[in-house]
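To keep things clear, I will list the structure first and then write my remarks on it.
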Amino acid sequence: MFTDPRHVSVVLIHVDDVFRAFVERELSTTADLTVVASAPCGEDGVPALAVHPDAVAVIGPVALDQDGRAPLVEELRAAAPTAPVVMLIDAVETSAVTAALRSGVAGIVRRGHPTLGETIRLAARRVCVFDPGALAVLTASLTELPVNPLSVRERQVLACLADGLSNAEVALKLFVSRETVKTHVAHVLRKLEVDDRVAAVDKAIRIGLLASQRHTSTHRRTDGTR
């Protein structure tokens, strides 16, 4: 929790020393914003945020890992779970924007934009603020989300497969015959373009058609013929 909503502390992390000093000067001109820590890299910034967990973290462009996530953002959120993170960007890049959003940033603003101070204030109040270009990228990415190719009944069968149920158990649960279940399973495998039940569940999780927490007991049955 922020102890004083009229004053916001800032932990600034940016590799550019000159720009970092410029931001510090700009923020120091306002009575309600104070840079309590300034660091050129996450190695120094993460511990600083842990010391000031009521601060807003303002960071520069971040490196992405092989999964397309922003490790620095996740490290900051782990060090201070309640601290909002605002990312400064030089230009809108789809991979960076989506990674930042996926990792949990509270705001994205262009480097040098005059609204940085107000973005920090809003982030401190738990209001998310995003650059219009970043929002456009997000909107475009939504149109590229995978369309679920499965029917309602096939989704129900897939969920049962993820729970490790046999065909007989699925039939009992869904009040259908075993042959009907067998047909649905075949349709699921064909539509997901996989060869077995485990692969179907794995792919469904990977492309977002199935919640990962379901993947708990699938491997105890692979043929599903019982």
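Overview of results
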| item | result |
| --- | --- |
| √(5λ) per eigenvalue of the Cα gyration tensor, the range 1-103, largest first, Å | 22, 16, 12 |
| Fully extended contour minus Cα-Cα distance, from ALA31 to GLU118, at 0.36 nm per residue | 30.0 nm |
| At R0 = 35 Å, FRET efficiency that the Cβ-Cβ distance of GLU74 and ALA168 yields, to 0.05 | 0.25 |
| Charge dipole (the chain, unit charges on Cβ, about Cα centre) - positive-most of ALA159, SER95, ILE59 | ALA159 |
| Top of THR29, THR98, THR115 by mean-square fluctuation, Gaussian network on the chain, Cα under 10 Å | THR29 |
| Amide hydrogen neighbours beyond the local backbone of VAL10, cut-off 5 Å, H modeled | THR34, VAL35, VAL36, ALA37, VAL56 |
| Computed over the range 4-61, Kirkwood Rh from alpha-carbon pairs, angstrom | 11.3 |
| Over the range 152-220: Kirkwood hydrodynamic radius from C-alpha pairwise inverse distances, Å | 11.7 |
| Net charge contributed by nearby residues that have their C-beta within less than 11 Å of ALA39 (K/R +1, D/E -1) | -2 |
| Residue with peak Gaussian network fluctuation, the chain [Cα springs, cutoff 10 Å], from PRO114, PRO149, PRO53 | PRO149 |
| If the convex hull is drawn through the Cα atoms of the chain, its volume per residue in Å³ | 145 |
| Theoretical ellipticity at 222 nm over the chain - DSSP helices of four or more residues, -39500 (n - 2.57) apiece, nearest 500 | -14000 deg cm²/dmol |
| Net charge, THR119 excluded, C-beta distance under 14 Å - Lys, Arg +1, Asp, Glu -1 | +1 |
| Extension gain from ARG153 to GLU24, taking 0.36 nm per residue of separation minus the Cα-Cα distance | 40.7 nm |
| Normalised per residue, the volume of the convex hull around the Cα set of the range 85-190 (Å³) | 135 |
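Where a number appears in this text, it was derived from the coordinates with a stated rule and is not lab data. Small disclaimer: the values here were computed from a predicted structure and weren't measured. Positions of Cβ are backbone-derived with ideal geometry, glycine not excepted, and every protein chain shown enters the neighbour counts.
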